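A quick write-up on the structure given underneath.
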Amino acid sequence: MPASDDPLARERAHLTSSRAALRAMREDVEALDIKDVTANWVNAVVLGRQIEDRIKALADLSHTPLFFGRLDYLHTTQEGQRFYIGRRHVHDAGGDPMVIDWRAPVSQPYYQASRKDPQDVGLRRRFGYTGGELTAYEDEHLSDPEELERTSRLLQAEIERPRVGPMRDIVATIQPEQDGIVRSDLSGTVCVQGGPGTGKTAVGLHRVAYLLYAHRERLARTGTLVIGPNRSFLHYIEQVLPALGELEVKQATVDDLVGGQVEVRGADEAATAVLKGDARMAELLRRAVRSHVALPKESLMVVRGSRRWRVPAYELEEIVQELADRDIRYGAAREALPQRIAHAVLVRMEQAGEAPDDRVQNAVARNTAVKAVVKECWPPVEPAKLVLRLLGDAEFLAEHAEGLFTEDEQKLLLWAKPARSVRTAKWSAADAVLVDEAQDLVERTHSLGHVVLDEAQDLSPMQYRAVGRRCTTGSATILGDLAQGTTPWATTSWAEALGHLGKPEAVVEELTAGFRVPREVIAYASRLLPHMSPGLAAVESVRENPGSLEIRHSDSLDGDVVAACAEALAHEGSIGLIAADARIAPLAEALTAAGLAHLSPGEETTAESRLTLVPASLAKGLEYDYVVLDEPAAVVDGEPDERTGLRRLYVALTRAVSGLTVVHSAPVPPQLEQV
C-alpha cells in the first residue's frame, strides 16, 4: 500500500516532520548571538540563562510522544481544520503550527468534546506509542450518530502502561472533570478531594503547567511552588513538569518551608505535636510577641543645635497605643515608631517658625533620645528566642496562655528540660512551625503567585497557616483525601482546613472516578471507609481487572512474602513491597538472602531494578504496577490509634495499578472482613 494511502504511515511522517521542526527550533535558539544586544554583563547573564532555559524546554524527549491526539474540526475560523495536540507547541520554518500545545484554547475540545456536545469536532484521533514509536491510532466520529460510544482502548492502555521510573504526566488521558479543574482561573483557589487513583496529584501538577502557559509573565514575577509530604514523593513527581516544558517550578516539603530559623533535631510525642499544631498556638504567639510593647513612662527631649524639643509622655503614649491598636506586624510598627515620634517633633518645629523637611525628620528619627524611647517601648523580638522562652519558661507560658490552654495542656507544651540557647535546643518539626509563625508576626512572609499543596489532609492547623502565608496575595491548589489522613492531627473537614489556610472562599471539587486502582482492589480497600471516614464516598473505579486481588494466609510469612515478590517480578513494570515500618529490616534481610535486589523509596526504578521496599509511612502518593502488602495487622498496630492505623492501611492497599497480593499470618483487621 502506498504511504499516501496508509493513515498510519502519514501520521508517522507527520511525527518525523514535527521532530525535525522541533530540532530546528532548538538549533535556532542555540545559534543566537547575544554579544551585540546586551548593554552590560548583568543583562548578558540574565539573557544567557533565559536562552539556556529555552533550549532545555525545546528538548525532544525520546520516551515522551511529541503529540498524542488529533482534532479535525467541522467548521472553524482557524487557519486549517486539523490540529495535532501535544505537550508543547511546534511550528515549521514558516511559523505554521505542526503541534498545538495541549493548554491552548483550540486544544480544549480534545478533553471536553463528547457526543452530546461535540464542540464542532468531527473526528478525535488518539495515538498509541510503543517505545517512542507511533504504532496505532483510534478514531471517534463525534458527529456520527451511527457510531456506537465505547471506551477507548488506547486510553485504557495508556492508563495501564507499566510504570518504571518517576511519575509521568497524564496529559494524554485527562478526563473532562479533571480538565475543568486544570483550566480553572488563576485568581481562584481550588481544593480537590480525590480518593486513590483519581489523578488528583497529576491534576494539580497539570494545573500549574496550564497556569504558567496562560499567565506566564505574572507567575514569572511572583513564583510558583509545589509542596509535597516528603522528599521521596517530590522525587517521584519531579519529572512531570519538565516533560510538559516547565522547568522553573520549585518543590519543597512543609519542613523545608519553615526550617530556615532553627535546626530540627528532636521529636514530640503525638499528644504534644497535636497541641503544638493547634490553631490556638497562633494567638498564644501573638500575645507573647505583643507583650514586649510597653507604654513610655517619661517625656522625650530632643536636642538639635541650641534648641530643645519636648514631647510629653502622654503624647508618646498615644503614638505607641495607636500603633499597637492597628495590629500591624511587630517589625513594621517598630520601624514606623521613630518616624511617628520624629513627626511630633517636626510639628513643634513648624509651630516655632522653622521649615523642616524630610531630611530633618529622618535625622530626628535617628536621634539617640528617640532610639532610646523606641528600645524601651518597642524592643526587637527574635522569633526563635521567643518560642524558646515560651517552651522553656513555665511562668512566661502561663502568663500568655491564660484562657487559651489548661494547666495540663501547658505542661504538655513545656520542654522537660529547658534549652539554654536557640543553638543547643532540640527543636521538633512542630517547633519550627511555631518559629515560622512568630517570624511572620514580626516580618511579613513573602507571598508567591501560586502554591500547590499535595497530601493536604495530613497538615496541622499551624502547618496550614505556614503554607497560607506563602500565598496570601496569590492562589492555591489544595490536593488531598480525607480518608488518607494518617497523622494524629489530620483534618476531618476541608472547610476547616481552608479556613486555617486563609482561603475560606476556595471551591471544593470532588473526583470520584478512579483510573489507576483496579475495581476489585479499590472495593476491598473501601471496606475500611465506614470505620475511619464515615460519610466519605468510595471511589468508583472505571477499570475492571479480574484476578487483580489475592489474599494469602501464610505460616512462613517472610518466605511467602519473598515468593510473592518473585512472582510479581515475572510481570512487566514496577513492584512495591509495602510493610509496617517495624517489618522493613527483617524483610530487607529476607529479600537479600533470596537474591532479590531492592530499592528504597526515592531511588528511581529502572528496567533492571524494579522492586522497591516501602515503609507504610512513606507509601502515600506513590504507585506501583504490582504491590505485595505484608501483614496488614502490623500496619494498623504500628500507628498510635486505630483510626490512623486503618487509614495507613487504606493507603497501602491502594498503591497498585495492576495487581495486589496481601500476605498475612495474623488475622487481617476485622474491618476488612466482608460485610
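The values are calculated or read from the model by the stated rules, or taken from the named source; none is laboratory data. All values reported here derive from a predicted model rather than from experimental measurement. Note that we place each Cβ from the backbone using ideal geometry, even for glycine, and neighbour counts take in every protein chain shown. To get the accessible areas, we keep the full protein, side chains included, count just its heavy atoms, and leave off ligands, DNA and RNA. Shrake-Rupley method; radii C 1.70, N 1.55, O 1.52, S 1.80 Å.
Could you list which residues have their amide H under 5 Å from that of residue 605, counting only those 5 or more apart in sequence or on another chain, with H placed in the peptide plane?
165
Got a sec? What order do 85, 170 fall in by accessible area at 1.4 Å, biggest, i.e. largest, first?
From most exposed to least exposed: 170, 85.
Percent of accessible area on the range 251-306 owned by carbon and sulfur, 1.4 Å probe?
Carbon and sulfur together cover 46 percent of it.
To the nearest 10 degrees, how steep is helix 584-593 against the longest Cα principal axis of the chain, on a 0 to 90 scale?
40
Bins of 10 Å, beginning at zero and ending with the bin holding the largest distance: percent of Cα pairs per bin for the range 243-322, please.
Using 10 Å bins, I get a P(r) of 12, 21, 20, 16, 17, 10, 3, 0 for the range 243-322.
Describe numerically, in nm with one decimal, the distance between label points set 7 Å from Cα along Cα→Cβ at residue 581 and at residue 291.
3.4
With a 1.4 Å probe and all protein chains in place, put 402, 608, 158 in order of accessible area, largest first.
My answer, sorted largest first, is 608, 402, 158.
What residues qualify as long-range amide H neighbours of residue 191, i.e. H under 5 Å apart, gap of 5 or more or another chain, H built at 1.01 Å from N?
478, 507, 508, 509
Over the heavy atoms of residue 314, what accessible area does a 1.4 Å probe trace out, to the nearest 10 Å²?
We get 150 Å² for residue 314.
Cα axis of helix 7-30 to longest principal axis of the chain: angle in degrees, 0 to 90, nearest 10?
The angle comes out at about 30 degrees.
So, in Å, what gap is there between the alpha-carbon centers of the range 415-458 and the range 56-112?
A separation of 45 Å, based on Cα centres.
Residue separation times 0.36 nm, minus the C-alpha to C-alpha distance between residue 420 and residue 27: what's the value?
Between residue 420 and residue 27, full extension yields an extra 135.4 nm.
State in Å² the accessible area per residue of the chain; use a 1.4 Å probe, count heavy atoms of protein chains only, and round to the nearest integer.
It amounts to 46 Å² per residue over the chain.
If you line up the long axis of helix 330-351 against the longest principal axis of the chain, both from Cα atoms, how many degrees apart are they, to the nearest 10?
It works out to around 40 degrees.
Evaluate E = 1/(1 + (r/R0)^6) for residue 555 and residue 247, where r is the Cβ-Cβ distance and R0 equals 56 Å; express this FRET efficiency to the nearest 0.05.
0.60
Provide 522, 51 ordered by accessible surface of protein heavy atoms (probe 1.4 Å), highest first.
Largest accessible area first, the list is 51, 522.
Quick one: with all protein chains in place, what share of the accessible area of the range 321-407 is carbon or sulfur, to the nearest percent (1.4 Å probe)?
With neighbouring chains kept in place, the figure for the range 321-407 is 47 percent.
Of 259, 61, 600, which is farthest towards the positive pole of the chain's charge dipole, taken about the Cα centre with +1 and -1 on the beta-carbons of Lys, Arg and Asp, Glu respectively?
259
Where does the chain land at 222 nm, in deg cm²/dmol rounded to the nearest 500, when only DSSP H runs of n ≥ 4 count, each adding -39500 (n - 2.57), divided by all residues?
That comes out to -12000 deg cm²/dmol.
So what is the orientation-averaged projected area of the range 469-599, using the convex hull of its C-alpha atoms, in nm²?
11.5
How much length would be gained if the chain were fully extended between residue 332 and residue 82, taking 0.36 nm per residue of separation minus their Cα-Cα distance, in nm to one decimal?
Residue separation times 0.36 nm, minus the Cα-Cα distance, leaves 84.2 nm.
Determine the alpha carbon to alpha carbon distance for each of 297/385; 371/426; 250/620; 116/200 and list only those over 28 Å.
From the list (297/385; 371/426; 250/620; 116/200), the Cα-Cα distance tops 28 Å for 371/426.
Length gain on complete extension for the stretch residue 138 to residue 13, per 0.36 nm per residue less the alpha carbon to alpha carbon distance? Please report the intermediate quantities before stating the final value.
On the way: separation 125, 0.36 × 125 = 45.00 nm, distance 1.72 nm.
Full extension of this stretch gives 43.3 nm more.
What translational D, rounded to a whole number of µm²/s, comes out for the range 337-485 from Stokes-Einstein when the hydrodynamic radius is the Kirkwood one over Cα pairs, at 4 °C and 1.567 mPa s?
Using the Kirkwood radius from Cα pairs, D works out to 67 µm²/s.
I need the calculated FRET efficiency for the pair residue 409 and residue 492, taking r as the beta carbon distance and R₀ as 25 Å, to the nearest 0.05.
It comes out at approximately 0.75.
How high is the FRET efficiency between residue 588 and residue 642 when r is their beta carbon distance and R₀ equals 35 Å, given to the nearest 0.05?
Step by step, r from the Cβ atoms, then E = 0.80.
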